[in-house]
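Following: one structure in structure tokens, then a few remarks.
The values are calculated or read from the model by the stated rules, or taken from the named source; none is laboratory data. None of the values given here were measured: they were computed from a predicted structure. In this analysis, Cβ positions are derived from the backbone assuming ideal geometry, glycine residues included, and neighbour counts consider all displayed protein chains. Accessible surface is based on the protein model in full, side chains and every heavy atom, while ligands, DNA and RNA are left aside. Shrake-Rupley method; radii C 1.70, N 1.55, O 1.52, S 1.80 Å.
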Amino acid sequence: MRIMPGPKPIIITSDSVAFCFRLSRVIDSYNKGTLPRKIIQLREEGTDLCRQGLVRSGLARLRRAIISLKRTPP
Amino acid sequence: MSAPVASNAAGAQPGFLRLRSVSLRFALVYGILFVCSALLFLSFIWWGTVGLLEHRVEQAITIDSRALFSVWEESGPSGLTMIIDDRLEQDVDDNALYLLVNKDGKWIAGNLAEWPRQILPNHHWFSLPVQRAYTQDIAKVRAYALPDGYRLLIGRDISGRTLLRKMLTDTLLWAWIMVSLLAIGGGWLIRRLFRHVIHSISRTTQAITHGDMSRRMPVQGSDDELDEIAKTINEMLDRISRLMDGVRQVSNAIAHDLRTPITRARTQLEDAALHAKNEAELRAAIDKAVGNLDNVTSICEALLRIAQIESGARRSAFTLFDLIPALQDVCELYEAVAEDHGLIFKQNLPTHLPFFGDRAMFQQAVANLLDNAIKFSPPNGTITLSAEIVSTARRSDGNRGKLLNLSVTDEGIGMNEEDMARASERFFRAEQARNTPGSGLGLALVQAIVQLHDGQLQLASNSPGLITRIEIPLPDAEIVSPATPPAEHAIINS
Ligand SMILES: Nc1ncnc2c1ncn2[C@@H]1O[C@H](COP(=O)(O)OP(=O)(O)OP(=O)(O)O)[C@@H](O)[C@H]1O
Ligand SMILES: [Mg+2]
């Protein structure tokens, strides 16, 4: 395994508020209005955390919401 | 550490660290063994934990790459983009890294801002520093070349694992250092223990070499191997000093006992040379001198015999024979002598007594005992010779042993306890025996013969008189009738 000597680390673009909103939009794109309460709550919490700057905690909630959406058939 | 190695004389003070010392070698071997086994053990643990974690990450990436390849084959860049987006959206662990670029290096999909310049799509594993929201982490990545100049990078953020790995590595390293310290301590302890033992042995033996025969090894009383060695060495020293005492005493005695008859012979000859008036007187003096010199010869012969018997060389002449006729031969001789001294001679013998040993020598031993009994008995006493077989307690080999018990009892002057203890020493004669003829070698010869037969000579008081008892273990196969020739006996025994 080589260790890269490059001093400049590569930026991870998914650690951003923009990505939060993108996930939020993904959730919305699943038939809006009929979302279960639990998922709506996770989404709200997630976007709130992202807005407050806690991006990774927000992302974790949004991702959980997406996964449970995919599990429950529409 | 260099100077002590050159220590020359054997008596030189041992240096603090002498490379050629056994104790240091033992300590080193102990330490090295300890450290090496600890190293082996801990690296096994390291490999089983940290190694396994890394292997898991690599496996996950490889499996992921295969899935992505098949998507690429089915639906090209657009399908791959969708799948990558999906993966990123559902990455609850928040550690997946993807990047898809086209042949110009332009970003197509994924969560990395740009293609790291140093990474080539050559399927090697790389460690890549990445910038997260709040931290700078390390990721493990692998790059793949796709058709049409596309390039794909798959990776995992392993900083969580890195922490664990660092922790484990540190712990194991510390454990190893502790073990090494323990090994050094243990080695030092072993060395001290060893040195202590060896030094105490060598101190004692050195003192003895310098002439202090009274020195003995200290016995701790713990009954371990060291005590055993100490006891054995002490026993050996005891025996050596006893032998040395014996030699000293014998040479003194020889000097004294030979001098007396020689001096007497010389005086007689000188006297005769100066004062003899006729040939008859001269002859008488010469005869006396010859008698005295014969005495010297017989003492020398007896001494030589004892020495020869003690060397054990005669054991090869042992045969199986019936002891009773052999004893009767001796008795016949001494019956007459006893009668001359006005003594009653009784015999108390079984009809047969198979015996394994040297016939002539055993007869000599019994003759010496009878000779003493007659010599030290006043008239009208009774002398008894008896022999019997007694069975002893079970022996170590499980057989019930048989013992010949032969004793000569008289009612003479007897001996006190002190004299009995010394009676079988060469040249020993008790105070009361000074005016009887003899040289004090009779019982010494008996003792040597009995010992050659693995037996014991015991003296006991008969009040009045003395009991001399010989105990000799008998061969196991004495079931064989005494008439059986020895050759057959050997065959049955084998
Ligand atoms: N039966 C006995 N009764 C009393 N004292 C004995 C008897 N047998 C041995 N002793 C004592 O033991 C001493 C040693 O005996 P040992 O047979 O060795 O010598 P010795 O008879 O004096 O001389 P040698 O046998 O050489 O002619 C004797 O001098 C005597 O003092
Ligand atoms: Mg004698």
I need the full set of residues from the range B:61-114 which are in contact with a Phe, Trp or Tyr (Cβ under 9 Å, 6 or more places away or on another chain) and part of a strand (DSSP E or B), in order please. B:Leu99, B:Leu100, B:Val101, B:Trp107, B:Ile108, B:Ala109, B:Gly110, B:Leu112
Return only the number of the condition from (1) modelled with pLDDT of 90 or more; (2) open to solvent by 40 Å² or more (accessible area, probe 1.4 Å); (3) away from chain A (no Cβ under 14 Å) that B:Arg87 does not satisfy. (3)
So, of the residues in the range B:171-196 that are of a type outside the set (S, T, N, Q) and open to solvent by less than 40 Å² (accessible area, probe 1.4 Å), which turns out to be nearest to the chain's Cα centre (by Cα)? B:Arg191
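Given the structure, is B:Ser78 free of Cβ contacts under 8 Å to residues at least 24 places away in the same chain, more than 20 Å from A:Gly58 (Cα to Cα) and at the interface with chain A (Cβ under 7 Å from one of its Cβ atoms)?
no
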Answer residue from the range B:431-444, given it is more than 9 Å from ligand 2 (Cβ to nearest atom) and within 19 Å of B:Cys300 (Cβ to Cβ) and is surrounded by the most Cβ atoms within 10 Å (Cβ to Cβ) among those: B:Ala444
Within the range B:279-306, the residues that are surrounded by fewer than 12 Cβ atoms within 10 Å (Cβ to Cβ) and over 30 Å from B:Arg422 (Cα atoms) are B:Glu279, B:Ala280, B:Asp287
Considering B:Pro473, B:Pro464, B:Pro482, which residue is at pLDDT below 80 and open to solvent by 40 Å² or more (accessible area, probe 1.4 Å)? B:Pro482
Check the range B:155-170 and report whether any residue there is at pLDDT 90 or above and surrounded by fewer than 18 Cβ atoms within 10 Å (Cβ to Cβ). yes
Residue list for the range B:105-149, restricted to those being closer than 22 Å to B:Phe69 by Cα, surrounded by 15 or more Cβ atoms within 10 Å (Cβ to Cβ), within 7 Å of another protein chain (Cβ to nearest Cβ) and not hydrophobic (A, V, I, L, M, F, W, C): B:Asn111, B:Pro116
Residues in the range B:216-236: is at least one touching a Leu at 6+ places or on another chain (Cβ under 7 Å) and among the hydrophobic types (A, V, I, L, M, F, W, C)? no
All positions within the range B:263-277 that are in contact with a helix residue (DSSP H, G or I) (Cβ under 6 Å, 6 or more places away or on another chain) and touching a residue at least 12 places away in the same chain (Cβ under 8 Å): B:Arg264, B:Ala265, B:Gln268, B:Leu269, B:Ala272
Of the residues in the range B:203-217, how many are open to solvent by 70 Å² or more (accessible area, probe 1.4 Å) and in contact with a helix residue (DSSP H, G or I) (Cβ under 6 Å, 6 or more places away or on another chain)? 2
Run B:Ile383 past the list (1) within 13 Å of ligand 1 (Cβ to nearest atom); (2) open to solvent by 10 Å² or more (accessible area, probe 1.4 Å) and report the number of the one that doesn't hold. (2)
Has the range B:159-171 got at least one residue that is outside any strand (DSSP E or B), touching a helix residue (DSSP H, G or I) at 6+ places or on another chain (Cβ under 9 Å) and among the hydroxyl-bearing types (Ser, Thr, Tyr)? yes
Regarding B:Ile324, is this residue away from ligand 2 (no atom under 16 Å from the Cβ), open to solvent by 30 Å² or more (accessible area, probe 1.4 Å) and out of contact with any Cys (no Cβ under 6 Å at 6 or more places or on another chain)? no
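Within the range B:307-319, count every residue that is in a helix (DSSP H, G or I), of a type outside the set (Gly, Ala, Ser) and loosely packed, with under 15 Cβ neighbours inside 10 Å. Spell out the reasoning first.
First pass over the range B:307-319, keeping only residues in a helix (DSSP H, G or I): B:307-310, B:313-317.
Filter once more, keeping what is of a type outside the set (Gly, Ala, Ser): B:308-310, B:314-315.
Those still in the list that are loosely packed, with under 15 Cβ neighbours inside 10 Å too: B:308, B:315.
Residues meeting the conditions: 2.
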Regarding the range B:263-278, can at least one residue be identified that is open to solvent by 70 Å² or more (accessible area, probe 1.4 Å) and within 33 Å of the chain's Cα centre (by Cα)? no
